[in-house]
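Please read the structure below before turning to the comments.
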Amino acid sequence: MGDQRIKNIILEIISVVAPDAEITDVKADVRLRDQLDLDSMDFLDIVMELRKRYKIEIPKEEYPELATLDSCAAYLGPKLAAVPA
Amino acid sequence: MDYDVIIIGAGMSGLAAGIRLAYFGKRVCILEKHYAFGGLNSYYRLDGRDFDVGLHAVTNFVGPGVRGTPLPKLLRQLRMSRNDFDLQPQVFSEIRFPGVSLRFTNDLNDLIADVAEKFPAEADRFRKLCEHVRDFDDVVLLSDYQSTRETLKEFLHEPMLIEMLLCPIMYYGSAEEHDMDFLQFVIIFKSLYCEGFARPRDGVRKIIKALVKKFRSCGGELRMQTAVERLDVADDRVTSVAIGGGETLTCSTVLSSAGYVETMRFCEDGPTVPADEVGRVSFVETIAVLDKLPQQLGHEAAIVFFNDCETFTYAMPEVPVDLRSGVVCCPSNYEGHDDMPEGLLRMTWLANSGVWMADGEEAYRQRKIDYLSEFKTQARRYVADFDEHFVVSDMFTPRTIQRFTGRVNGAVYGSPRKRRDGRTHLKNLFLCGTDQGYLGIIGALLSGITIANMHVLAEE
């Protein structure tokens, strides 16, 4: 799965987890928490939505890998490889 | 039947926990012993009219665009929108003590200004208290007890101001008599004075129906009129849940919103609960229907908290009802409510649950009638002379609360000892709702969400 597609997936999930967050202009290399109003409950939900939708497991200690859109793409790429494009 | 999670009670916290768990694919069943949803915040129909139980105001109300407070947090967590709850803000509320009253709105600055006007010497000190409350960490799960009265004395010098601030806060959420844990004070202070009051136009049923619909749409199962008889226990775990008719359900985790004392009584091996952990604070409430709206009779406050002496006593009274203080709620005094077909007036007093429980049927009925005349006297004093507009009334007592919610003593705020992490003596049994410690409707919803997240979803 391409990086852009993964980033779009994350943005789509954020729009469900935090529908009041403004996601039209998210910078890929800046921490999501610093540009969107997301708290730890919201981050748990991003992880939960990934599990619900794509059956991928993310251990707690690897949550920091989801800090930015770029890091999401790098980290999730291999995990989502099995998901049909 | 086998479930991932069984939730005891279809009140606010149980439904919220259920939505979270069902949404993320858990097999969830909520057991409710009553035929109505809502628990301590429920509703009913009588002679063609809709009545609420519990809800005077949804506290923690903030407008669209405000972030980081309980209401927007829980809407996100439940994947629900502001429209689902139809919350209409109050205009103002009042605290009335002998010779002085304070007005507050959904903007803390109004209260700060009114305190400065009525208690000029306290203006700066009150502002400092507000800052202290704002900066206080109220999401900690473990903390030491800190007396609110002692803490307030460090900030404020005018005893009556302390009493006036405490009156609404204790009435809207203290399970403890006389004093309360400062952490609990902070939570309720924010929900009342920093955030504020709102109400759905249709009352609490709007919120409950939206929650039930959401829960079902996520695939959750609800079993009404299904009381838990026993929790079977082995090796420090609940192994099965016995319900009526000899039926037994199994599950990995049980979340109970029934209350700590009440939940322990379900357990085969339940520890004896110390007497001082059993809640005692209960209320009598009279609901009167009027042929005019209270605002047409000159009464415009959404809520009035009154106390007729300089000190405020918050405790179970020796007498059936403590008439010295109370709360008057006018549901039509919220924005967008002025087209209500009839006026409603609700008055709540502290009550002695033992007296109301012990009455025979006839004595109980008579006692209700006696207190209806007290209600009219007090309403004349604090609202308006509405006698000629009086249509009909209803009353609930500690006995009503105990019958419909199973709460021992009809104690609506549960045990004075809160268990913020939800843990019990069993590894897979957790508390949510009142005895976990987040209060009010929004607090109860957040309690269910927090416990479901912490002990089920984050555990995998």
- Query: Which value, in debye to the nearest 20, describes the size of the charge dipole of chain A about its Cα centre when Lys and Arg Cβ atoms bear +1, Asp and Glu Cβ atoms bear -1, and nothing else is charged?
  - Reply: 460
- Query: From the square roots a ≥ b ≥ c of the eigenvalues of the alpha-carbon gyration tensor of segment A:3-81, which class results: rounded (a/c under 1.5), prolate (a/b over b/c), or oblate?
  - Reply: rounded
- For segment B:336-348, take each phi angle, set θ = phi - 60°, evaluate the Karplus expression 6.51 cos²θ - 1.76 cosθ + 1.60, and give the result in whole Hz per residue in order, putting x for glycine and proline. x, 9, 7, 9, 4, x, 9, x, 10, 9, 10, 10, 10
- Query: If you find the alpha carbon centre of segment B:152-230 and of segment B:285-324, how far apart are they in angstrom?
  - Reply: 18
- Dipole of chain B, positive direction: furthest Cα of B:Ala210, B:Phe155, B:Ala113, with charges on the beta-carbon: B:Ala210
- Query: Between B:Val53 and residues 5 or more places away or on another chain, which pairs have amide H atoms under 5 Å apart, with H built 1.01 Å from N, and which residues are they?
  - Reply: B:Ser42, B:Tyr43, B:Tyr44
- Assign unit charges at the C-beta atoms only (+1 for Lys and Arg, -1 for Asp and Glu), then state the dipole size of the protein assembly as shown relative to its Cα centre in Debye, rounded to the nearest 20. 1280
- Exceeding the 20 Å Cα-Cα cut-off - candidates A:Lys55/A:Lys79; A:Lys27/A:Lys55; A:Lys7/A:Lys79; B:Lys128/B:Lys190; B:Lys73/B:Lys418: A:Lys27/A:Lys55; B:Lys73/B:Lys418
- Message: At q = 0.16, 0.20, 0.25 Å⁻¹, what log₁₀ I(q)/I(0) does segment B:179-246 have when each alpha carbon counts as one equal point scatterer in the Debye sum?
- Response: -0.93, -0.91, -1.01
- Query: Once amide H atoms are built 1.01 Å from N in the peptide plane, which residues 5 or more positions from B:Phe283, or in another chain, come under 5 Å H to H?
  - Reply: B:Ala351, B:Val412
- Which ³J(HN,Hα) values in Hz, rounded to whole numbers, follow from the phi angles of segment B:36-50 under the Karplus curve 6.51 cos²θ - 1.76 cosθ + 1.60, where θ = phi - 60° and Gly and Pro get x? 10, 7, x, x, 6, 10, 10, 8, 8, 10, 9, 6, x, 10, 8
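Quick one: compute the contact order of chain B, relative version, from alpha carbon pairs under 8 angstrom and 6+ residues apart, as a percent.
Reported relative contact order: 24 percent.
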- For segment B:49-84 and segment A:38-72, compute the distance between their C-alpha centroids and round to whole Å. 26
- Message: In square angstrom and rounded to 100, what buried accessible area do you get between chains A and B, total over both, with the probe at 1.4 Å?
- Response: 1500
- Message: Treating only the Cβ of Lys, Arg, Asp and Glu as charged (+1, +1, -1, -1), what charge dipole size does chain B show about its Cα centre? Round to the nearest 20 debye.
- Response: 1220
- Karplus 3J(HN,Hα) series, Hz, for segment A:20-32 with 6.51 cos²θ - 1.76 cosθ + 1.60 (x for Gly, Pro): 8, 7, 8, 10, 6, 10, 7, 7, 6, 9, 10, 3, 4
- Message: As I understand it, the dipole of chain B uses +1 on the Cβ of Lys and Arg and -1 on the Cβ of Asp and Glu, about the Cα centre. Which of B:Ser174, B:Pro294, B:Ala227 lies farthest toward its positive end?
- Response: B:Ala227
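The values are calculated or read from the model by the stated rules, or taken from the named source; none is laboratory data. Quantities reported herein were computed from a predicted structural model and do not represent experimental measurements. Note: ideal-geometry Cβ built from the backbone for every residue, glycine included; neighbour counts use all protein chains shown. These accessible areas exclude ligands, DNA and RNA; they are computed on the full protein's heavy atoms, side chains included. Shrake-Rupley method; radii C 1.70, N 1.55, O 1.52, S 1.80 Å.
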